[in-house]
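The numbers here are math on the coordinates, done by the rules we state, and not lab data. Small disclaimer: the values here were computed from a predicted structure and weren't measured. Every residue, glycine among them, receives a Cβ derived from its backbone with ideal geometry; neighbour counts consider all protein chains shown.
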């Protein structure tokens, strides 16, 4: 460990590792963006990593470090020590774009990673600071790749024509010259596959599920958090027991019960069964938040002559707004993405939810880009909703975890 804590060894090691990470990342990005073949080169990345690590160790001024790292990376890209292998060596513009992307991706993070290093022995703090920053950057890239690559492939596939997919299934570049025809899959989904109706059905079912869930979970969670009654502790601990039983185990009893009662293949049946799966988690989330609210505020309301229901309506619920928003968003996403119950209970295409409609596209008779377009349509609304209300969800999930 003392050997690794030498400034030169640490900087060169991190430089080499980061250069390899950047080479792989840029190769994947450029391959997806252009449809051409980009492959990371081991020896080129090794040489560039050593140089970039030494630059980060000896050159601390930011602008000078950035400029030197980018220029050397660009110069190596035109030699046999290139960090990437191109399938289009004659394309100078592509080389320049790749060189800038590669150099910037290496220079900026490496300067931050090696900011506390210096020639000679490093303190434990300096060594761990460099290692942690490298692991953090590596983690960001891996996490981003896991999240974005499937979504990117899904979106790009939905924008391809059947001919383009058959010609080169691995080409995920976009032909913007095709104009409105670029969105032909989406247009056909709404004009030929009734996806507008699926969207509307999923939307109002999800909204109704949210309303029913809050109607039952708010008073239930408040009772568990504030009222003393026999069995309240046991009820609080066993709220989530329903999630210990896989839904697939309950599928057959639900199917039989709904078939006998005439609720199968009805929207009413879906609206009745969805809250059953969401009320327990809403109860669990809200009771923790209600316990975190100061009791003195509610007691003051009771002393002023308010009834318990008025206290809940005028004091508790306004204070619990972040938690209510986060629970509503969470329940909405559960209902929007639910598939098993919809697949099991709905047979009439006129009553399909969005997830049930997307499953219908998984057929050899329907082009693959239509399935990807359906998946994008199912993903985008809930993603936009989550990003819009994310601050409320974060506040609602964390508040109440610590009393104060």
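For residue 248 and residue 131, calculate 0.36 nm times their separation in residues minus their Cα-Cα distance, and state this gained length in nm to one decimal.
That works out to 37.6 nm of additional length.
Have a look at 205, 267, 315 and tell me which one the Gaussian network model of the chain (Cα, springs below 10 Å) gives the largest fluctuation.
315
If each of residue 386 and residue 151 carries a label point 7 Å out from its Cα toward its Cβ, how far apart are those two points in nm?
0.8 nm
Roughly how tilted is helix 247-261, in degrees to the nearest 10 and between 0 and 90, from the longest Cα axis of the chain?
Its long axis makes an angle of about 40 degrees.
Sorting 132, 366, 239 on the 10 Å Cβ count, fewest up front, what's the list? It would help to have the intermediate numbers written out before the result.
Values: 132 11, 366 14, 239 20.
Lowest count first: 132, 366, 239.
Which FRET efficiency, nearest 0.05, do residue 313 and residue 266 yield, Cβ-Cβ r, R0 35 Å?
On the way: r = 34 Å, r/R0 = 0.96.
Calculated value: 0.55.
For the residues 143, 216, 32, what sequence is obtained by ranking on other C-beta atoms within 10 Å, fewest first?
Going from least to most buried by this count: 143, 216, 32.
How far, in degrees from 0 to 90, does helix 124-158 lean away from the longest principal axis of the Cα atoms of the chain, to the nearest 10?
Between the helix axis and the principal axis of the chain, the angle is about 70 degrees.
Can you put 308, 368, 230 in order, fewest other beta carbons within 10 Å first?
230, 308, 368
For a quick size check, give me the Cα extents of the chain along its three principal axes, largest first, whole Å.
Its Cα atoms span 76, 59, 36 Å along the three principal axes.
If I stretch the segment between residue 140 and residue 340 completely, what's the gain in nm (0.36 nm per residue apart, minus their alpha carbon distance), one decimal?
Result for the pair: 68.7 nm of gain on full extension.
Tell me what the chain gives for mean residue ellipticity at 222 nm when only DSSP H runs of n ≥ 4 count, each as -39,500 (n - 2.57), the sum divided by the residue total, rounded to 500 deg cm²/dmol.
After summing the helix terms and dividing by residue count, I get -23500 deg cm²/dmol.
Expressed as an acute angle from 0 to 90° and rounded to the nearest 10, what is the orientation of the C-alpha long axis of helix 195-226 relative to the principal long axis of the chain?
70 degrees
For the range 210-312, what mean projected area does the convex hull of the alpha carbons give, in nm²? Please report the intermediate quantities before stating the final value.
Details: hull surface 32.9 nm².
Result: a mean projected hull area of 8.2 nm².
Given labels modelled 7 Å from the Cα in the Cβ direction, how far is it in nm from residue 173 to residue 191?
Using points 7 Å along Cα→Cβ, the separation is 2.8 nm.
How big is the Rg/Rh ratio for the range 7-167, C-alpha atoms only, Rh by Kirkwood, two decimals?
Dividing the radius of gyration by the Kirkwood radius yields 1.04.
How high is the FRET efficiency from residue 161 to residue 366, r the C-beta distance, R0 22 Å, rounded to 0.05?
The computed FRET efficiency comes out at 0.95.
Going by Cα centres, the range 295-322 and the range 343-372 are how many Å apart?
First find each Cα centre; the distance between them is then 47 Å.
Quick one: if the Förster radius is 30 Å, what FRET efficiency do residue 304 and residue 223 give, using the C-beta to C-beta distance and rounding to 0.05?
0.85
What length, rounded to one decimal in nm, is gained on full extension from residue 240 through to residue 74, with 0.36 nm per residue of separation minus their alpha-carbon distance?
In short, 54.1 nm is gained.
Any number yet on Rg/Rh for the range 247-381, C-alpha, Kirkwood?
Ratio of gyration radius to Kirkwood radius for the range 247-381: 1.15.
Say each of residue 259 and residue 63 gets a label point 7 Å from the Cα, pointing the same way as Cα to Cβ; how far apart are those two points in nm?
Calculated label separation equals 7.6 nm.
Using a Gaussian network model on the chain with a 10 Å cutoff between Cα atoms, which of 105, 92, 116 fluctuates the most?
So, out of 105, 92, 116, the one fluctuating most is 92.
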